């Protein structure tokens, strides 16, 4: 294992592949589950909000950011599959685009 240093591979890649878009903004959500709290993340770039696929323990919140960044980068790199997320958007128009609240669900369908 690589020690205790957090990996930021996907987050760093996302910052490098912005294509003139504004800086990505990560948001965190929590869900109390019994005696524990599960955490997830979403990333917003130019009004496009993408959620992480999974929920994580609080000490692994960076993994939630990595997950959200990976999902967004995958969609950006495959516009023929997912469509161009940023079609017609520019850094200037990003401020006029309001982001809607994302519906984050875990793998069991719970919010």
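The values are calculated or read from the model by the stated rules, or taken from the named source; none is laboratory data. This structure is a prediction, so every number in the text was calculated from the model and none was measured. Glycine gets a Cβ as well: all are built from the backbone with ideal geometry, and neighbour counts include every protein chain shown.
Things to note:
- Among the residues making up the stretch 34-70, those that are crowded, with 18+ Cβ neighbours inside 10 Å, in contact with a helix residue (DSSP H, G or I) (Cβ under 6 Å, 6 or more places away or on another chain) and farther than 17 Å from residue 23 by Cα are 39, 40, 52, 56.
- Sole exception among (1) modelled with pLDDT under 85; (2) exposed (fewer than 13 other Cβ atoms within 10 Å of the Cβ) for residue 85, by number: (2)
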